[in-house]
Ligand code: AMP
């Protein structure tokens, strides 16, 4: 499968699994949160417009996100396939994604929902660290870097995300329940949704994900 969407609450391990899956499947991760953080870091117009939403745990307006993701999906490296992480997050974005896929003449083959409980998610997010340079994700408890504070992949500095503070975490979980959970039903009704148990080590979940993706399925658009 080459066009995959990962769904899951903030802190469900989505970003980490996306990196692992891409390495195994040889397709790029198109992560809306990572793309936004890069835009904010370089103070582009989009980054400046998105910053206050991202830092308070609110959703960035659909038009900005859809245009950003469309540009990313049109890049040459995405022709061989991609894994979407963090987009779509609302039904309106899901409908926009359908139109983009139609224009590109491709379809989403699988929507993988990572299932974890809320207590676990809150614990995970407060011990999460990300690489300032490239967005690689670590967790002090479950997936620590080899050297404290330093990214294993590129030597970048590891930092706590601005939106991983407890009050913002609660806000993001609420936003997920309200806006993103309806997407589960949207994709379920099209027969492309598959559930993935998100408990266990990074490797265990990754093996499970690869297994789930290797099973034959119906297709969505
Ligand atoms: P993430 O790294 O996926 O947890 O995203 C971090 C933050 O970026 C979110 O809390 C939102 O503020 C913003 N964001 C990322 N993806 C989207 C999206 N598809 N729609 C709206 N806002 C988004």
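Remarks
- Spacing of the modelled spin labels on residue 23 and residue 103, each 7 Å from Cα toward Cβ, amounts to 3.4 nm.
- Once the Cα gyration tensor of the chain is diagonalised, semi-axes √(5λ) in Å: 24, 21, 18
- MRE, 222 nm, helices only [DSSP H, n ≥ 4, -39500 (n - 2.57), over the chain, to nearest 500]: -13500 deg cm²/dmol
- Measuring nothing but how far apart in sequence close Cα pairs (under 8 Å, 6+ apart) lie, relative to its length, the chain scores a relative contact order of 30 percent.
- Anisotropy class of region 108-147 from Cα gyration tensor, a/c 1.5 cut: oblate
- Stokes-Einstein D for region 16-90, Kirkwood Rh over Cα pairs, 10 °C, 1.306 mPa s (µm²/s): 123 µm²/s
- Three-way shape label, region 1-45, alpha-carbon gyration tensor, a/c 1.5: prolate
- Residue 171/residue 133 FRET efficiency (R0 35 Å; Cβ-Cβ; nearest 0.05): 0.85
- Cα gyration tensor shape of region 74-117, rounded if a/c is under 1.5, else prolate or oblate by comparing a/b with b/c: oblate
- Ordered by the number of other Cβ atoms lying within 10 Å of each residue's own Cβ, fewest first, 211, 143 fall into the sequence 211, 143.
Since every read-out is calculated from the coordinates, none of them should be taken as a lab result. Note that the coordinates shown come from a computational prediction; the quantities given were computed from them, not determined experimentally. When we count neighbours, we look across all protein chains shown, and the Cβ atoms used for this are built from the backbone with ideal geometry, even at glycine.
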